[in-house]
Amino acid sequence: MKYTAPLCALLASAALASDVHQLKKDDFKGFVEEHDLVLAEFFAPWCGHCKALAPEYETAATTLKEKDIALVKVDCTEEQELCQEYGVEGYPTLKVFRGVEDIKPYSGQRKSDAIISYMTKQSLPAVSDITKDTIEEFKTADKVVLVAYIAADDKASNESYTAVANSLRDTYLFGATNDAELAKAEGVELPGLVLYKSFDDGKDVFTEKFDKEAIESFAKVASTPLVGEVGPETYSGYMAAGIPLAYIFAETPEEREELSKDLKPLALKHKGAINFATIDAKAFGQHAGNLNLEVGKWPAFAIQRTDKNQKYPFDQTKKVTEKEVGAFVDDFVAGKVEPSVKSEPIPEKQEGPVAVVVAKNYEDLVINNDKDVLLEFYAPWCGHCKALAPKYEELAAMYSNDELSKLVTVAKVDATANDVPDEIQGFPTIKLFPAGKKDSPVDYSGSRTIEDLIQFIKENGSHKAEAVKPEEPEVAEEVKEKVEDLPEQAKAATDAAKEKAEDATESVKSAASEATDAAKEKAEEIHDEL
């Protein structure tokens, strides 16, 4: 089939048409001021996550255009000054603009439906007024919506509900009505609250005291599927839920669906106490090893206490059935199941300045003492961990004298071979456990230089201990004498000094590059993490 030149041009322009506006410094602020609500993506063309986001972002832009919500993007390799102005440190960075002064980070997932849902919530008031003419449409406006039925003169209930809506508006859609007849039609007494959802039984009715904490708890529990699915888009939510997560590993969608139905009564029985979710064993089977399950032996079941990162693997010689798993879960709830602990042997002797921590001595070396403990969680295969190792050894040596060793311990733990209380999502992860405040470790996010780590320990440790990095020996006079006495050595000394300066420059460049790579790797590991 042949096309005329004008038709080819028309087709090409149609293919290139985009509902995402690409902006530059000259037109960015003007565009933001002209629109009530804008989602901006700051990206780099070489960024893999930006490339993965692009089609999702385009789809969302097309849908949200109908709601007068604009999506824009800025190429930070071309608009460096603009990106620096808005504090862009990694790619992609997404920010929500309500004018040029009201700017908030986008905290939703990077899928089109999630972007649409999130920005739709941003476009609505914290609480939407619901009438008999709009309630049916509102019920299906998102996967989860909440509607309160409150009398107009019930000030306390209205204030409690509004407070919840303001704090959780990024997560849920909130509606309210004071129409008593509408409440009656929905089978609700005033004050009442219903969470409508597109899964399970379609809705949950709130039955507790009408206060902020109870409503927040209800929303969190009722909005979670009885048997959901663990994946890159849901993992962080399950980790943040604050209750144990029961994993159901299976290879095929059909098997996961069958097991989901079989174990659904258990999920209903323990609703609000344990979250149940299937997980694709083909795609994410290696995660079973993190739960102390044997990888490759499917189906499998395990429970993880997300608050303490404790693992309770189900006996893989038994079948995953409602009866067998049900007995295991009942014993878990009753406290009759001991957590499985993976640990390397305790070192017979601590060799070198860095203390080696394993699961079996974690409490003694990290928690049950009066020292500030700097702990690196590493993986043997991690390139950045290997690059950090010599500097970390040097750092530890600075705290190894009689005085400082009583106050500070610099330690490391192989987080792939030892169970640790914290869920580690990237390597290396460095935390400081201050004396007297071991339950509130401080995450380190600075550059991986000895000087910055020393400052971090001083500022965040309870003892405020400070190590001093040894200075290089003075050689200026010696070089000067050799230059005066031995002309031939002058050139050698000059060359050596030049080489040392070049080495120092390269070292600075390397440190900057390493910090950038580390930040990039950390972001990628977190976004790719299950």
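Here are some notes:
- Within the stretch 41-55, the residues that satisfy the criterion of being under 20 Å from the mean Cα position of the chain (by Cα) and either more than 11 Å from PRO92 (Cβ to Cβ) or crowded, with 22+ Cβ neighbours inside 10 Å (or both) are GLU41, PHE42, PHE43, LEU53.
- Annotation: PHE427 fulfils all but one of (1) modelled with pLDDT of 95 or more; (2) surrounded by 19 or more Cβ atoms within 10 Å (Cβ to Cβ); (3) closer than 21 Å to ILE457 by Cα; the unmet one is (1).
- Residue in the stretch 218-233 that is in a loop (DSSP other than H, G, I, E, B), open to solvent by 40 Å² or more (accessible area, probe 1.4 Å), touching a Leu at 6+ places or on another chain (Cβ under 9 Å) and in the same structural domain as PHE314 (by the TED database) present: yes
- Residue match in the stretch 355-366 (condition: surrounded by fewer than 14 Cβ atoms within 10 Å (Cβ to Cβ), touching a strand residue (DSSP E or B) at 6+ places or on another chain (Cβ under 7 Å) and under 25 Å from ASP443 (Cβ atoms)): no
- The one condition in (1) open to solvent by less than 60 Å² (accessible area, probe 1.4 Å); (2) at pLDDT 95 or above; (3) under 28 Å from the mean Cα position of the chain (by Cα) that LYS386 fails to fulfil: (1)
- Any hit, the stretch 309-320, residues being out of contact with any Leu (no Cβ under 9 Å at 6 or more places or on another chain), modelled with pLDDT under 95 and open to solvent by less than 70 Å² (accessible area, probe 1.4 Å): yes
- For the stretch 150-167, the set of residues classified as β-branched (Val, Ile, Thr) and under 34 Å from the mean Cα position of the chain (by Cα) consists of THR162, VAL164, listed by residue number.
Here is a yes/no grid of residues against (1) of a type in the set (Lys, Arg); (2) without any contact (Cβ under 8 Å) to a residue 24 or more places away in the chain; (3) farther than 19 Å from LYS360 by Cα:
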position: ASN292; (1), (2), (3): no, no, no
position: LYS297; (1), (2), (3): yes, yes, yes
position: ALA300; (1), (2), (3): no, no, yes
position: THR306; (1), (2), (3): no, no, yes
position: LYS318; (1), (2), (3): yes, yes, yes
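- Per the listing SER128, SER117, SER157, the residue uniquely open to solvent by less than 50 Å² (accessible area, probe 1.4 Å), of a type in the set (S, T, N, Q), within 24 Å of HIS35 (Cα to Cα) and not assigned by the TED database to the domain that holds THR59 is SER128.
- Total residues in the stretch 261-294 satisfying the condition of being open to solvent by 70 Å² or more (accessible area, probe 1.4 Å) and either within 18 Å of PRO339 (Cα to Cα) or assigned to a strand (DSSP E or B) (or both): the figure is 2.
- Any hit, the stretch 78-95, residues being among the acidic types (Asp, Glu), open to solvent by less than 80 Å² (accessible area, probe 1.4 Å) and farther than 20 Å from PHE174 by Cβ: yes
- Meets criteria (out of contact with any His (no Cβ under 9 Å at 6 or more places or on another chain), of a type in the set (Lys, Arg) and part of a helix (DSSP H, G or I)) for LYS360: yes
- Positions within the stretch 325-345 being in contact with a strand residue (DSSP E or B) (Cβ under 9 Å, 6 or more places away or on another chain) and either surrounded by 15 or more Cβ atoms within 10 Å (Cβ to Cβ) or without any contact (Cβ under 8 Å) to a residue 40 or more places away in the chain (or both), in sequence order: VAL325, PHE328, VAL329, PHE332, VAL337, GLU338, PRO339, LYS342, GLU344
- Residue within the stretch 300-311 that is in a helix (DSSP H, G or I), assigned by the TED database to the domain that holds ALA267, under 17 Å from ASN275 (Cβ atoms) and in contact with a Phe, Trp or Tyr (Cβ under 9 Å, 6 or more places away or on another chain) present: no
- TYR392 being in contact (Cβ under 8 Å) with a residue 24 or more places away in the chain, surrounded by 13 or more Cβ atoms within 10 Å (Cβ to Cβ) and under 15 Å from PHE427 (Cα atoms): yes
The values are calculated or read from the model by the stated rules, or taken from the named source; none is laboratory data. Only a predicted model underlies this, so the values are computations on that prediction, with no experimental measurement involved. Virtual Cβ from ideal backbone geometry, glycine too; neighbours counted across all protein chains shown. Each accessible area value is taken on the protein alone, full model and side chains, heavy atoms only, with ligands, DNA and RNA left out. Shrake-Rupley method; radii C 1.70, N 1.55, O 1.52, S 1.80 Å.
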